[in-house]
Amino acid sequence: MFLDAKKFREALSTFATGVTVVTTKDGDGESVGMTASSFNSVSMSPPLILWSVAKNAKSAPAFKDAPYFSVHVLSSNQIEISNRFATSGADKFKNTPHIINENNVPLISDCTSRFDCKKYAVHDGGDHWIVLGEVLTFEDSKREGLVFSGGSYATATLIK
Ligand SMILES: Cc1cc2nc3c(=O)[nH]c(=O)nc-3n(C[C@H](O)[C@H](O)[C@H](O)COP(=O)(O)O)c2cc1C
C-alpha cells in the first residue's frame, strides 16, 4: 500500500514520547550515542526494553555489534543534549558530562532515568534495526522528563 511519507510521519508524531539518548562504544573504542524517541518497555521477566535505530545512521553498526548499551531518559532541561546527539557527525561527547562504566559504556549525567542493558536481540525492522536490551541495572532520579510531540519539545502537565 502506498502511503504519503510526510503525512505518515506527521500522524506518527501525534504519539507523544519521551526523549532518550542511547550510548555505547564502537569496535575502535570510540564513544557513540544518538537521540532516540523509539524507546519502549517490553517485558518485566526477563526485564526487556527496545528501541529502533535507522540502518543508515552512522551509529547503526556500533549499536548492532555492541554487547552493552545504556538508554538515558532525558530531563526537561536537557534539550541541548537531545539536539547534540541528533546531529550526525557532531563531536557529541566533547561537551557532555559523562563517565565510562564497567561495561565500557558512556553514561551521561543528570538524566531523569537510565537503563544499562546487555544486548538481547536485534531484529530487522524495515529501514530500522529493532534493538532489544536486557536491563542489568537502572537509575531513577525522578527529575521531570522531556517530552517530544508533533515535532516539538514539551513538558508533561499532569492531570489530577
Ligand atoms: C527527538 C528525536 C528523536 C529521534 N529518534 C530516533 C530514533 O528513535 N531512531 C533513530 O534512528 N533516529 C532517531 N532520531 C534521529 C537521530 O537522533 C539522528 O539521525 C542522529 O543524527 C543519528 O546520529 P548518527 O548519524 O551520528 O548515528 C531522533 C531525533 C530526534 C531529534
Report summary line: Filtering the range 87-99 for residues that are in contact (Cβ under 8 Å) with a residue 60 or more places away in the chain and in a strand (DSSP E or B) leaves a count of 1
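Which members of the range 55-92 meet the condition of being among the basic types (Lys, Arg), over 18 Å from Val147 (Cα atoms), surrounded by fewer than 22 Cβ atoms within 10 Å (Cβ to Cβ) and more than 7 Å from the ligand (Cβ to nearest atom)?
Start the filter on the range 55-92 by keeping residues that are among the basic types (Lys, Arg), which leaves 55, 58, 64, 84, 92.
Narrowing the set further to residues that are over 18 Å from Val147 (Cα atoms) leaves 55, 58, 64, 92.
Of the ones still in play, those that are also surrounded by fewer than 22 Cβ atoms within 10 Å (Cβ to Cβ) are 55, 58, 64.
Within the range 55-92, Lys55, Lys64 meet the criteria.
So that you can scan it fast, the table gives a plain yes or no per residue for (1) of a type in the set (Val, Ile, Thr); (2) modelled with pLDDT under 95; (3) at positive phi:
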residue	(1), (2), (3)
Asp110	no, no, yes
His123	no, no, no
Ile130	yes, no, no
Thr137	yes, no, no
Ser149	no, no, no
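Regarding Asp110, is this residue outside any strand (DSSP E or B), within 16 Å of the ligand (Cβ to nearest atom) and acidic (Asp, Glu)?
Working: outside any strand (DSSP E or B): yes; within 16 Å of the ligand (Cβ to nearest atom): no; acidic (Asp, Glu): yes.
When the stated conditions are applied, Asp110 does not pass them.
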Report task. Search the range 16-54 for residues being farther than 22 Å from Pro106 by Cα and touching a residue at least 60 places away in the same chain (Cβ under 8 Å), and hand back the single one that is nearest to the ligand (Cβ to nearest atom). Result -> Thr17
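The values are calculated or read from the model by the stated rules, or taken from the named source; none is laboratory data. These figures come from a predicted structure and were not determined experimentally. FYI the Cβ positions are ideal-geometry reconstructions off the backbone, even for glycines, and counts take in every protein chain you see.
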